[in-house]
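Note sheet for the following structure.
Each reported figure results from applying straightforward, stated rules to the coordinates on display, with no laboratory input. This one's a predicted model, so the numbers in the text were calculated from it and none came from an experiment. Positions of Cβ are generated from backbone atoms using ideal geometry, with glycine treated the same way; all protein chains shown enter the neighbour counts.
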Amino acid sequence: MSVAALSFPFSSSSYSSSNFRNSKSFKLPNATSQQLSLDSSPPNKTPSSSQPFKKTGAIVVGAGLAGLAAATRLQSENIPFLLLEASDAVGGRVRTDFVDGFTLDRGFQIFITAYPEARKLLDYDSLNLQRFYSGAKVFYDGRFHTVADPLRHFSDALQSLTNPIGTVIDKLLVALTRIRVLSQSDYDILTADEVKTIDLLRRTGFSDSILDRFFRSFFGGIFFDRELETTSRLFDFVFKCLALGENTLPKNGISAIPEQLAGKWNPSSILLNSRVVSIDSESQDGVIVKLENGELLRSDLGVILAIEEFEAVKILAGKPGPGLVKMPVRSTVCLYFSVDSNRVPVNDPVLFLNGSGRGIVNNMFFATNVAPSYAPPGKALVSVSLIGLYDSVPDEELVERVMKELTDWFGEAAVRSWSYLRMYRIGFGLPNQCPPTNLMKNPRVKPGLYICGDYVTSATFDGALVSGRRAVEALLKDRATVKV
Ligand SMILES: Cc1cc2nc3c(=O)[nH]c(=O)nc-3n(C[C@H](O)[C@H](O)[C@H](O)COP(=O)(O)OP(=O)(O)OC[C@H]3O[C@@H](n4cnc5c(N)ncnc54)[C@H](O)[C@@H]3O)c2cc1C
């Protein structure tokens, strides 16, 4: 077996543990370790351990979008696989809780229909995608100003030409940026020379007013980075997808996306509640994976680590692989409120942005204006997002501050009628993708051992899906040339 020496161009710093509180779970039909029967041969012994191990096909560790895309690709090649997931359901960061008739996505997430890999993998009709208005309402100077996509809402866009959310030249520059990104391939965008997004926008000529009133809250809300230090590659990629597609939510919650992927194969291929604690890729018997419960699994086809970068760093310690994790990782808080549907102040399926430069709310929307199925009959769901973790602020204080702030937006009578439902504090929302980045990282750690995840490509649903496919393609290439 030849082992390629590989180095990964990750930058370094330390990682502090992620924080995910107040989450309640729901479950897919679960597979237990008793159902694991990919190979009927008796358990073998590994030379490095006295414990028996079970032999499997390929092993994918982590059932987020990257792991699910890897498993989907393996399935399409008829390669048997086992997907090991530490938590109680598939989806990773893309999960939904169903609470008293409300559909609560774990953090505000939007599915852009133009994501190229997603288009290949997902059945959009079954997702029953519910569309947002193509634009936003920006709260600035005590009232709302509309920012609209001129190709979809021409008259709104025309009327908004002279509003204070940027100059007429800014609006022209938005159109030119659209032409610029649409004229490039995704590959060219993701490998182009890069700067921080804020530097790209300044260099393009955008005024401080549109930067502060629109871009910081809109793209800051996508990157969880109001400073807009995220790479211009990611900005261009997302801008292009926004120009080509629509912002949507699946009718049954954002978790319908991973569930659709996982629903395509036999549930016994997925082991939930199965945390991998170590990997031995030096064994002559193939790659040996050790679970938290002590169980050993052996793969002679290869192991794909589809876990967060900080987890991969831990598991691959001492092997070539991801470097230390770039800080700060991107965090967010999402608060949900319920309100009687006849007391919702607006009916538009529109995103509201904070362009005031004050306060802690970054964006909010009435989720039921986009997807009525997100609340039980007679009720509406309000979703409010903050950037950062606010970990020193107790929940009650955060709720109070958010409600007080939104009173300025919608009036006291409206906001007083909201009932607080739940808060998600998401310490690890996204990896830090400030320059320098490599959004085309090599998935191969060595033949038989691969990595994927949004940190390997772009920190988006699409990036995670692409990375899973690429990891399997690397595995297939190695299988064609070398016996692992
Ligand atoms: C609040 C929020 C909003 C977002 N909004 C958007 C959006 O609007 N649009 C967009 O494109 N992207 C969005 N993203 C980003 C997107 O969700 C991620 O880029 C993508 O889901 C990452 O998928 P992944 O498979 O790489 O990682 P993850 O989803 O993190 O999956 C990793 C999986 O590995 C499992 N795991 C970890 N360690 C182990 C172990 N030792 N053993 C077994 N299993 C393990 C974890 O439990 C997890 O299930 C958002 C993210 C968040 C958090």
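So the values come out like this:
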read-out: Rg to Rh quotient for the stretch 221-344, alpha carbon positions, Kirkwood Rh; value: 1.06
read-out: Calculated SAXS-style log₁₀ I(q)/I(0) at q = 0.12, 0.25 Å⁻¹ - the stretch 346-441, Debye, Cα scatterers; value: -0.49, -1.50
read-out: Of LYS240/LYS264; LYS137/LYS251; LYS137/LYS196; LYS120/LYS319; LYS171/LYS196; LYS54/LYS319, pairs whose Cα-Cα distance is over 28 Å; value: LYS240/LYS264; LYS120/LYS319
read-out: Distribution of pairwise C-alpha distances over the stretch 153-246, 5 Å bins, in %; value: 3, 14, 23, 27, 21, 9, 3, 0
read-out: Acute angle (nearest 10 degrees) that the helix 168-182 long axis makes with the longest principal axis of the chain, alpha-carbon atoms; value: 20 degrees
read-out: In Hz, Karplus ³J(HN,Hα) per residue of the stretch 262-276 (6.51, -1.76, 1.60; θ = phi - 60°; x = Gly, Pro); value: 5, x, 8, 9, 4, x, 6, 7, 10, 10, 7, 6, 10, 7, 8
read-out: Rounded to the nearest 20 debye, dipole of the stretch 162-241 from Cβ charges on Lys, Arg, Asp, Glu; value: 280 debye
read-out: Burial order of peptide ranges 182-195, 57-70 (average beta-carbon count within 10 Å, highest first); value: 57-70, 182-195
read-out: Nearest-ten-degree value, helix 461-481 long axis tilted from longest Cα axis of the chain; value: 20 degrees
read-out: 0 to 90° range, to nearest 10: angle between helix 395-410 axis and the chain longest Cα axis; value: 40 degrees
read-out: Shape metrics for the chain, restricted to C-alpha atoms - Rg then Dmax, Å; value: 23.2, 75
read-out: Environment charge at ARG343 (Cβ cut-off 15 Å; Lys +1, Arg +1, Asp -1, Glu -1); value: 0
read-out: Total formal charge among the other residues, if their Cβ is under 12 angstrom from that of GLN109, Lys/Arg +1 and Asp/Glu -1; value: +2
read-out: Share antiparallel - DSSP beta bridges, the chain, percent rounded to 5; value: 70 percent
read-out: Alpha-carbon centroid distance for the pair the stretch 414-484 / the stretch 250-294, whole angstrom; value: 15 Å
read-out: Cut-off 10 Å between beta-carbons: net charge of the residues surrounding GLY453, Lys and Arg +1, Asp and Glu -1; value: -3
